[in-house]
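First the structure, in the form of structure tokens, and then the observations on it.
The values are calculated or read from the model by the stated rules, or taken from the named source; none is laboratory data. None of these values were measured; they are calculated from a predicted model. Cβ placement follows ideal geometry from the backbone for every residue including glycine, while neighbour counts extend to all protein chains displayed.
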Protein chains: 4
Amino acid sequence: MGLRETVPPAQGQAPRSQVTLDHLLRPLAMKNTAVLLISCPDQKGLVAAIADFLLRHDANILHADQHQDAERKLFLMRVEWDLADFRLDLSAFETAFRPVADKFAMNWRLALSAQRPRMAVFVSKYDHCLADLLYRHQAGELHCDIPLIISNHEDTHWLAEAYRIPFQHMPVHKDSKREVERDQLALLRHHHVDFIVLARYMQVLSPEFIHHYPNRIINIHHSFLPAFHGARPYHRAYERGVKLIGATSHYVTEVLDDGPIIEQDVVRISHRDQLEDLIQKGADLEKIVLSRAVRWHIDNRVLVYANKTVVFD
Amino acid sequence: MGLRETVPPAQGQAPRSQVTLDHLLRPLAMKNTAVLLISCPDQKGLVAAIADFLLRHDANILHADQHQDAERKLFLMRVEWDLADFRLDLSAFETAFRPVADKFAMNWRLALSAQRPRMAVFVSKYDHCLADLLYRHQAGELHCDIPLIISNHEDTHWLAEAYRIPFQHMPVHKDSKREVERDQLALLRHHHVDFIVLARYMQVLSPEFIHHYPNRIINIHHSFLPAFHGARPYHRAYERGVKLIGATSHYVTEVLDDGPIIEQDVVRISHRDQLEDLIQKGADLEKIVLSRAVRWHIDNRVLVYANKTVVFD
Amino acid sequence: MGLRETVPPAQGQAPRSQVTLDHLLRPLAMKNTAVLLISCPDQKGLVAAIADFLLRHDANILHADQHQDAERKLFLMRVEWDLADFRLDLSAFETAFRPVADKFAMNWRLALSAQRPRMAVFVSKYDHCLADLLYRHQAGELHCDIPLIISNHEDTHWLAEAYRIPFQHMPVHKDSKREVERDQLALLRHHHVDFIVLARYMQVLSPEFIHHYPNRIINIHHSFLPAFHGARPYHRAYERGVKLIGATSHYVTEVLDDGPIIEQDVVRISHRDQLEDLIQKGADLEKIVLSRAVRWHIDNRVLVYANKTVVFD
Amino acid sequence: MGLRETVPPAQGQAPRSQVTLDHLLRPLAMKNTAVLLISCPDQKGLVAAIADFLLRHDANILHADQHQDAERKLFLMRVEWDLADFRLDLSAFETAFRPVADKFAMNWRLALSAQRPRMAVFVSKYDHCLADLLYRHQAGELHCDIPLIISNHEDTHWLAEAYRIPFQHMPVHKDSKREVERDQLALLRHHHVDFIVLARYMQVLSPEFIHHYPNRIINIHHSFLPAFHGARPYHRAYERGVKLIGATSHYVTEVLDDGPIIEQDVVRISHRDQLEDLIQKGADLEKIVLSRAVRWHIDNRVLVYANKTVVFD
């Protein structure tokens, strides 16, 4: 591909201290569990059928959460169980579960805590979200691997190096965009990337690109959507004289800033806050909101339907 | 009893407007459902057994939420179903459910949305919480009956009259306290009161009184407990120079301000806020926090264990 | 005018309890102070000139707050002083202050705490904001008089009666709107109304009407503006799948939902919240946000410029 | 002293990207202003005297904020002005200002934005607060120098190296504590340290040590003080069943966890949050609360009196 790829000697948690926060979180991180995510038309007997199936194979259910959308007559469920006593080979899960799934026309997905998803981070010049994600990853808060950071600028290279994550500089110009996206896709495939985080990546992705990762590209928008979608939200919030500013993390769809919202939050501002203060207060908000969305996605807590999300907490 | 009881001609929603918020909430209010609250030692097969039992009698589950306390190996569940299709006579429920309950050593309780619990409100001179509860009740937000307001002062009599709720003035003096409590208990029994709300009632109840309503007396304390338990919390918060003030709603136990917490919230203050401002900002907080706790209690969303609550939301 | 006006025997705080929250607030309510609100081009010597003027007449400054808009080179100030020792007759204030005001091209306004502004409330069927305002007024939180409630429906009549405020039923039809507004204006003038609160008044006011009360009509919009301006904001918030809902209080201008924002706040929702829950949670928010805006307006804390507000807190 | 000191080749912002957030904040960071902090008995003429003094020397006031504590009859003020046109040599400021200060018995302090204060960070094993402070410093949010990180453990050494800040490992044992503190003080003096941040430093400092830095040691306590002061606050919050957890940043005084509070905040938790979740959610809170307190201290926004703070915002 002719791309220059910067790979530090060893990837991962090498520089990490021996005893940090992740020490405390280790019991959580070390857990060997399975998560089943289900959505289907609501009808009687669903919970009984699922609970019965899991019991038959000796599953020890750790968490179960379900939701009914009364209006759409939809049933959504997340159930997590310990694999220690589970007496069904996971390679045989699909075959064993199919009768249940077929009976209720389930849309389902099985995820294993032992299989860490692979996350690529796209970033431009603002580095606060990237720095936050890398710190959290290093501290054991995000149970994923980061095989790759892609940026259209060199500015965040030093951060990637500090945390020993491969960094790929891929500048984008108006007329090279299509080509660059093709190279990016090739690189993502090469690294077996499962999902992408746009950590203040200031390029609009093409529908073609997005189609390769449906509900698997997470963006952070620096406003309380749908207010101030599009460009320069802080400037427009300042102009409008709002009393709170917000940040929104959502899955990317073809329509700009219109995908399913995963998380939002706001912070109070006053007339004493100038545009610079909005940007600074907003940066803290962006970090928190994006990191929550990423963690929930990694922990298989997010279900998408009707351009909305259910976040099982 | 020799108590003077003020009963307005007609009790209830008489003065209410034809079309208010409760109009919108009517579908919720009108619902005919059953709620089963369960706590027991955690073990495999619990969910399957409960779901199976309900399915056998054709229950259409509307909401189900469960929680495991890993440390205490405890299982807690709230399940709500529509009674429309339910093919088990409720008078036979206990007999039918007993085998399941016995097998898993369940502590359980059945509640019916059609049976509105009966709430007594105790109040002293501060009337903001009482005014808020009466408005919400009248607007259809609180699915309960209010047969009685008891106060050691006359000050809130006008509010009781405006909302046509019986008001009982029962002054308390140091040496009459025991006797007054006996009269209060008689009155509560007479009115078949299910639970009591202390809406800024400035008298400490005796352990004897409390034992009659275990986990059925809801208090609002004007601080973020356990900070500033006891008297004059706003004064002490002001002295200490905290940057947020709080309010806490909890079940009353023998130990003052130490019962299971149902809800808490805080509001920001600054050096510009004098003691009067703390009291005013706090009053808004107290109203919100107490009304949430009362609504959750009425809707059978609160389970108590180990001096804590699980609030199924 | 041919309007039927319902005036209860005595207006005001008659039914109020002897000792409520306002007892505590009395020192605040009883205060005899003057507030000077100033906006002008920023330049050196402004603070010195104002402080010197007040000192010359022995003013005891209680609060002074100022703000500079660096971008617009604008100076804004609110200063409040005790009138006890003030040695300038207030009828002579304008003449005495004019030289200072002229030198700095000041836009200024003097307000006296002893002169309670007169507030009219417009309401339709939703009564939660009205009930909240009436309670707060009765409790002494809002230092204003309420000579009049105007509604296009009869639903809230009972609330007006409970709080002994005159209630005027003025139904609005498509073709009678202009005429009704003319009657409303006459009534407002007759009652010497200073400002109007639209407490969920579901009618759009004409530009002609609005021009009579520039920056003196306060509206509550049930969304986090500019998100979901216009009709049915809760429905649209539910559709969009936002994770927080908001409320906004603003001055009414000719452009719908576009006037200077006085206050905003939000509350968290989740997928478990149905449309009815949004409406109920939102109602609590509307009450809080509107009452804050009204109190700040009454206390002369709000300055408008460039379609924004400065709220001196 | 026999201490091994690790000094990386170049200190400071070396690895920083060319264009990050601090690029946007540069106008703020570059500003050349003076801040005057005043506290004194409240009396008439104070504001006029100060404003007049500044005007006489052609100060262009950028911000002025004042506060009166009515109860204690105290006047507190922060005024910031541009030094560009200021026609008083700063070396002559004290002599020139003394008559004003003496007349009103002022306690005052002058600070210059051009003089970056020197901050030392003390840390143990938890690294989240340190990582956050180092990132913010590097990004230009904290206008200070960091000559030194001191830790009783080696765990955070890598972070210091990543950000090129000197790191000093100084283990503490029961019987060496007094001696180590003496070495620490020597080191702090050697580096001309102005104030100290305890970024989760798990050692209690002696009164002797604290006396060297009165109101200049900032601690982060992982609870909403005064609730859960002392050891293991998250464990106790979990035990008590609170519905919100908090963090508090305060100046260190001789009484443990009792110094003047600079900032506090809380985050909501539920029964679904286990102890590990409290610790993780709390870590985010600690970072935000501590960084705000540190920034306000650096920007000379904090005034201490009566064991409280006024934060001029």
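Test D:Ala283 against the stated conditions and say whether it is assigned to a helix (DSSP H, G or I), within 11 Å of chain B (Cβ to nearest Cβ) and farther than 23 Å from B:Val304 by Cα. Criteria not met by D:Ala283. Condition first: polar (S, T, N, Q) and either more than 8 Å from every other protein chain (Cβ to nearest Cβ) or crowded, with 20+ Cβ neighbours inside 10 Å (or both). Can you find one or more residues in the stretch B:50-63 that meet it? Checked against the condition, which is being polar (S, T, N, Q) and either more than 8 Å from every other protein chain (Cβ to nearest Cβ) or crowded, with 20+ Cβ neighbours inside 10 Å (or both), the stretch B:50-63 yields no hits at all. Given the criteria of a type in the set (A, V, I, L, M), assigned to a strand (DSSP E or B) and buried (at least 24 other Cβ atoms within 10 Å of the Cβ), does C:Val310 qualify? Answer is yes for this residue.
Within the span defined as the stretch A:255-270, every residue fails to be touching an Asp or Glu at 6+ places or on another chain (Cβ under 9 Å) and on the phi > 0 side of the Ramachandran plot.
Per the listing D:Arg72, D:Arg98, the residue uniquely out of contact with any Gly (no Cβ under 8 Å at 6 or more places or on another chain), among the basic types (Lys, Arg), over 30 Å from D:Asp183 (Cα atoms) and at pLDDT below 95 is D:Arg72.
Entry remark, the stretch A:205-221: residues being of a type outside the set (Phe, Trp, Tyr), closer than 23 Å to A:Asp132 by Cβ and part of a loop (DSSP other than H, G, I, E, B) number 3 in total.
What are the residues in the stretch C:78-115 that are in contact with a Cys (Cβ under 9 Å, 6 or more places away or on another chain) and not aromatic (Phe, Trp, Tyr), if any? The answer is C:Ala101, C:Ala105, C:Met106, C:Asn107.
Screening the stretch D:182-238 for residues that are β-branched (Val, Ile, Thr) and within 17 Å of the chain's Cα centre (by Cα) and picking the one that is farthest from D:Ile279 (Cα to Cα) gives D:Val193. So for the stretch C:286-305 (the condition being within 11 Å of chain A (Cβ to nearest Cβ), modelled with pLDDT under 95 and part of a strand (DSSP E or B)), does at least one residue qualify? Yes, because at least one residue in the stretch C:286-305 is within 11 Å of chain A (Cβ to nearest Cβ), modelled with pLDDT under 95 and part of a strand (DSSP E or B). Being surrounded by fewer than 22 Cβ atoms within 10 Å (Cβ to Cβ) and either in the same structural domain as B:Val302 (by TED's automatic domain parsing) or over 24 Å from the mean Cα position of the chain (by Cα) (or both) holds for only one residue in B:Ala96, B:Ala131, and it is B:Ala96.
In the set B:Leu28, B:Leu55, only one residue is under 19 Å from A:Gln68 (Cα atoms) and modelled with pLDDT of 90 or more; that residue is B:Leu55.
Checking each residue in the stretch C:69-84 for being at the interface with another protein chain (Cβ under 9 Å from one of its Cβ atoms) and either touching a Phe, Trp or Tyr at 6+ places or on another chain (Cβ under 6 Å) or touching a residue at least 60 places away in the same chain (Cβ under 8 Å) (or both) picks out C:Asp69, C:Leu76. Here the condition is being out of contact with any Asp or Glu (no Cβ under 6 Å at 6 or more places or on another chain) and not assigned by TED's automatic domain parsing to the domain that holds D:His63; of D:Val289, D:Val302, it holds for D:Val302 alone.
Yes/no per residue for (1) assigned by TED's automatic domain parsing to the domain that holds A:Asp299; (2) touching a Lys or Arg at 6+ places or on another chain (Cβ under 9 Å); (3) assigned to a helix (DSSP H, G or I):
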| site | (1), (2), (3) |
| --- | --- |
| A:Arg164 | yes, no, no |
| A:Gln168 | yes, yes, no |
| A:Arg182 | yes, no, yes |
| A:Leu185 | yes, no, yes |
| A:Arg189 | yes, no, yes |
| A:Ser223 | yes, yes, no |
| A:Gly230 | yes, yes, no |
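Scanning the stretch A:177-210 for residues that are of a type in the set (Asp, Glu) and either touching a residue at least 24 places away in the same chain (Cβ under 8 Å) or within 17 Å of A:Val123 (Cβ to Cβ) (or both), we see that the one that is surrounded by the fewest Cβ atoms within 10 Å (Cβ to Cβ) is A:Glu208. The residues of the stretch B:236-271 that are more than 7 Å from chain D (Cβ to nearest Cβ) and part of a helix (DSSP H, G or I), listed by number, are B:Arg236, B:Ala237, B:Tyr238, B:Glu239.
Of the candidates A:Tyr234, A:Tyr238, the single residue that is more than 19 Å from A:Lys308 (Cβ to Cβ) and in contact with a strand residue (DSSP E or B) (Cβ under 8 Å, 6 or more places away or on another chain) is A:Tyr234. Selection of the stretch C:102-114 for residues being assigned to a helix (DSSP H, G or I) and touching a residue at least 40 places away in the same chain (Cβ under 8 Å) yields only C:Lys103. Checking D:Ala92, D:Ala96, D:Ala160 one by one, the residue that is part of a helix (DSSP H, G or I), without any contact (Cβ under 8 Å) to a residue 12 or more places away in the chain and on the phi < 0 side of the Ramachandran plot is D:Ala92 and no other. Filtering the stretch C:100-145 to residues that are within 11 Å of chain B (Cβ to nearest Cβ) and either small (Gly, Ala, Ser) or touching a His at 6+ places or on another chain (Cβ under 7 Å) (or both) leaves C:Ser124, C:Lys125, C:Ala131, C:Ala139, C:Gly140. Checking every residue in the stretch A:264-282 against the condition of being crowded, with 23+ Cβ neighbours inside 10 Å, in contact with a strand residue (DSSP E or B) (Cβ under 7 Å, 6 or more places away or on another chain) and more than 30 Å from C:Arg72 (Cα to Cα) gives at least one match. Among the residues making up the stretch C:27-49, those that are touching a helix residue (DSSP H, G or I) at 6+ places or on another chain (Cβ under 7 Å), facing chain D (nearest Cβ under 9 Å) and either of a type in the set (Ser, Thr, Tyr) or part of a helix (DSSP H, G or I) (or both) are C:Val47, C:Ala48, C:Ala49.
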